[in-house]
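Before any comments, here is the structure.
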Amino acid sequence: MNTSTRSLLLEINSLQTWFDTRAGTVKAVDGVDLTLARGEILGLVGESGSGKSVMGYSIMRLIDLPGRIVGGSIKFYGEGTQNEDLVNATSDRMRRLRGSHIAMIFQDPMMSLNPVLRIDTQMIEAIQAHAKVSNKVARDRARDMLGKVGIPSPEERLQAYPHQFSGGMRQRVAIATAMLNKPELIIADEPTTALDVTVQAQILYEVRKLCRESGTALIWITHDIALISGLADRIAVMYAGRVVETGLVRDVIAAPRHPYTAGLMGSVPSNNPRGKPLRQIPGMTPSLSNLPKGCAFAPRCERATVTCQQVPQESPVGAEHKVRCFHPIESIPAQSRHDRIKV
Amino acid sequence: MTASKSEALLELQGISKRFVQRADVAEKLTAKLTGNGKGADRVVHAVDHVDLAIRRGEVVGLVGESGCGKSTLGRVITGIHPSTEGVMRWKGKTESEMTGEERHAMRLAVQMIFQDPMSSLNPRKQVRDIIGEAPLAHGLIKKDDIDSYVEQVMQRVGLDPTYKMRYPHQFSGGQRARIGIARALAVQPEFLVCDESVAALDVSIQAQVINLFMKLCHELNLTFLFISHDLGVVQHISDRVVIMYLGRVVEVAPTEELFKAPNHPYTKGLLSEIPRIATQPREFVPIKGEIPSPLHPPSGCHFHPRCPYAMDRCKTERPVLKQIGTNRWSACHLNDADNKPAGNA
């Protein structure tokens, strides 16, 4: 699980993705550093408007005008690719990478599946776009993959249209399609948010199993810190376009150092005594076009001081545990916290 | 179902709601010609014989997967859908026993807060009119008092009264949720049905809105039916939890007891799947399969195709909701003494 012992797959350095709007420049992603090792599962956590989805789209280079990547680099060390910077890759090159080396699972599978094409057509197309194989071989591969994500009687289901599937099944088809070409990296943008808890648990279970088996790295973008804590190896918490805390799940969850991470975990109902008011973060997420100076969290933070009017830099607080805060939470109320956390 | 009848603010007895799609002429004709049975009307049993009693001041959580009929039940209670079958009593009286005036008072006293504030708030109306319209129409306030009344309600739900001339799109998601709550509160209700009211909100905003609900509950002595699929939220705010599966109530229990010792196999499965804060990758033990279509529900116990303890009897006989302890009900054949398998205490 350790980044240093495994070979690096993705290295993002001070990435900036901005949107020019009439109301001013919206800095959706503003100086994000992230690394990802082969086969690692990273949870990218943040509330709406924190820039977590734009991060995913930036890696896929799916940012449309008025958005653009204005700075930074996304180094991708894929198989057969040497030290490639995705920011400068040609659109032709990106087309070959997407779907074969890097795949994405979107939140709403009804939007990513074509409603007028049968599942087999769409899946075979995805295979043949990257490999010269016969229809028969491609079809068999599609069928096997559907079976692997837990779709019953895949042979028959191949001939169905997306609307004939339930929401959970549709998301499984989307996941199967993403895994068809054995990508090295999958970016999943809130894929279980619209699903029931029972279905969500099934899908989490399948995805993690598949990633472990095939050695695929996974970036799971979510707003649900409780969900990701049981899935990921490492976690990165985003707030207003910046990663404010990153580290191994057991470090970050057991002892969050950034006040925002601590606040986020405090507001999860199951982390609070029943019937008592929930601990809440005052105020609301700032508008990205009008960010407060310095640390964007400072106006909502009880630890903020004058120093916080400058932008805090990422500083290590433990092995692989980094935090972007001038006043990180130091002491851990060790015993009480561990009592509450149900492992 | 709980305590004595006189205590119940709202009581449901055998409430059912069926949605029927009549077979059209072509379908009837083909059915006649080919001789297969597809010419029959299609019936969805959205709510199937639900008994429930809610006491004054109680917060009841109604939990289930999508398609289990929990929203439909909420809508039946608020009178948006008439029930197909069954009796609903408000303060001990059925609707037919009430005078017109009493019926009107009941409709005002039961209010609903919807899931998506963007689709339940009129985008062309100012907040002042959204909140002030209903109390004015029902004669609760005079026209001159609208402004002061709206300001008072807005303050109560934590909205800045200076925003009263704004339109819904000028607010954030959390504020819109508060407007929805303010609108429901404006007619001074006694009973609120909250249909997934916090589901679309971010965790930190969700915490603020949940705190608001709990504050209101204390201040105004409101009774809540809190419909949600999020067991974490329900566990936090409810006194009692009702679990629904495919139109039927499968378990009713006080919150603490339910989370400590769930009785019904479906409840057990649901509880094991709540995402909990964990410091290491946890194992998922998913319930197999998906919720079946309510068009063709399984025979007997609706849960039997997914149930790890299913017996032959479950396939044929519908389990009734039986009392299994103080204030606890469960609809499962396993609770019958002769069917108790080893290890299922």
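The values are calculated or read from the model by the stated rules, or taken from the named source; none is laboratory data. All values reported here derive from a predicted model rather than from experimental measurement. In this analysis, Cβ positions are derived from the backbone assuming ideal geometry, glycine residues included, and neighbour counts consider all displayed protein chains. For the accessible areas, the whole protein counts, side chains as well, though only heavy atoms, and no ligand, DNA or RNA atoms are used. Shrake-Rupley method; radii C 1.70, N 1.55, O 1.52, S 1.80 Å.
Among A:N88, A:N114, which is farther than 22 Å from A:C211 by Cα, of a type in the set (S, T, N, Q) and open to solvent by 70 Å² or more (accessible area, probe 1.4 Å)? Only one candidate qualifies: A:N88. Checking the conditions here, which among B:T84, B:T72, B:T99, B:T94 is open to solvent by 10 Å² or more (accessible area, probe 1.4 Å) and within 13 Å of the chain's Cα centre (by Cα)? The unique qualifying residue is B:T72. Of all the criteria given as (1) under 28 Å from A:T261 (Cα atoms); (2) more than 14 Å from the chain's Cα centre (by Cα); (3) open to solvent by 10 Å² or more (accessible area, probe 1.4 Å), the one not satisfied by A:L62 is (1).
So is B:A186 free of Cβ contacts under 8 Å to residues at least 24 places away in the same chain and among the small types (G, A, S) or not? Considered against the rule, which asks whether it is free of Cβ contacts under 8 Å to residues at least 24 places away in the same chain and among the small types (G, A, S), B:A186 comes out as no. Restricting attention to the range B:136-171, the residues that are open to solvent by less than 40 Å² (accessible area, probe 1.4 Å) and part of a loop (DSSP other than H, G, I, E, B) add up to 5.
For the range A:206-247, the candidate set comprises residues that are facing chain B (nearest Cβ under 9 Å) and in contact with an Asp or Glu (Cβ under 8 Å, 6 or more places away or on another chain); within that set, the residue that is least open to solvent (accessible area, probe 1.4 Å) is A:D233.
Every residue, every condition in (1) within 14 Å of another protein chain (Cβ to nearest Cβ); (2) over 25 Å from the mean Cα position of the chain (by Cα); (3) closer than 22 Å to A:G283 by Cβ; (4) open to solvent by 10 Å² or more (accessible area, probe 1.4 Å), yes or no:
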| site | (1), (2), (3), (4) |
| --- | --- |
| B:Q111 | no, no, no, yes |
| B:D116 | yes, no, no, yes |
| B:L121 | no, no, no, no |
| B:A134 | no, no, no, yes |
| B:R178 | yes, no, yes, yes |
| B:Q188 | no, no, no, yes |
| B:L192 | no, no, no, no |
| B:D202 | yes, no, yes, yes |
| B:M214 | yes, no, yes, yes |
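Filter the range A:164-205 down to the residues that are outside any helix (DSSP H, G or I), within 14 Å of chain B (Cβ to nearest Cβ) and charged (D, E, K, R) and list them by number. Passing the criteria: A:E190, A:D196. Is it the case that the range B:235-249 has a residue that's more than 14 Å from every other protein chain (Cβ to nearest Cβ), open to solvent by 10 Å² or more (accessible area, probe 1.4 Å) and of a type in the set (A, V, I, L, M)? For the range B:235-249, residues more than 14 Å from every other protein chain (Cβ to nearest Cβ), open to solvent by 10 Å² or more (accessible area, probe 1.4 Å) and of a type in the set (A, V, I, L, M): present.
The condition (being modelled with pLDDT of 80 or more, touching a helix residue (DSSP H, G or I) at 6+ places or on another chain (Cβ under 8 Å), part of a strand (DSSP E or B) and not aliphatic (A, V, I, L, M)) is satisfied by just one residue among B:E11, B:E65: B:E11. Of all residues in the range A:17-46, those satisfying the criterion of being crowded, with 21+ Cβ neighbours inside 10 Å, under 24 Å from A:A262 (Cβ atoms) and not β-branched (V, I, T) are A:D30, A:L42, A:G43, A:L44, A:G46. Among the residues of the range A:31-41, some residue qualifies, meaning at least one is within 24 Å of A:L180 (Cα to Cα), modelled with pLDDT of 90 or more and in contact with a Phe, Trp or Tyr (Cβ under 9 Å, 6 or more places away or on another chain). Can you find a residue in the range A:108-117 that is among the charged types (D, E, K, R) and over 21 Å from A:L8 (Cα atoms)? Looking through the range A:108-117, at least one residue is among the charged types (D, E, K, R) and over 21 Å from A:L8 (Cα atoms).
Listed here are the residues, each with its yes/no results for (1) out of contact with any strand residue (DSSP E or B) (no Cβ under 6 Å at 6 or more places or on another chain); (2) surrounded by 18 or more Cβ atoms within 10 Å (Cβ to Cβ).
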{"position": "B:F19", "(1), (2)": "no, no"}
{"position": "B:D24", "(1), (2)": "yes, no"}
{"position": "B:K28", "(1), (2)": "yes, no"}
{"position": "B:A31", "(1), (2)": "yes, no"}
{"position": "B:R42", "(1), (2)": "no, no"}
{"position": "B:D48", "(1), (2)": "no, yes"}
{"position": "B:L62", "(1), (2)": "no, yes"}
{"position": "B:S66", "(1), (2)": "yes, no"}
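Restricting attention to the range A:266-316, the residues that are farther than 25 Å from A:A226 by Cβ and either open to solvent by 70 Å² or more (accessible area, probe 1.4 Å) or within 11 Å of chain B (Cβ to nearest Cβ) (or both) add up to 9.
Looking at this structure, is B:S272 within 21 Å of A:Q200 (Cα to Cα) and either open to solvent by less than 10 Å² (accessible area, probe 1.4 Å) or within 17 Å of the chain's Cα centre (by Cα) (or both)? So B:S272 fails the test. Within the range A:248-263, the set of residues being at the interface with another protein chain (Cβ under 8 Å from one of its Cβ atoms) and over 28 Å from A:V26 (Cβ atoms) comprises A:V249, A:R250, A:I253, A:A254.
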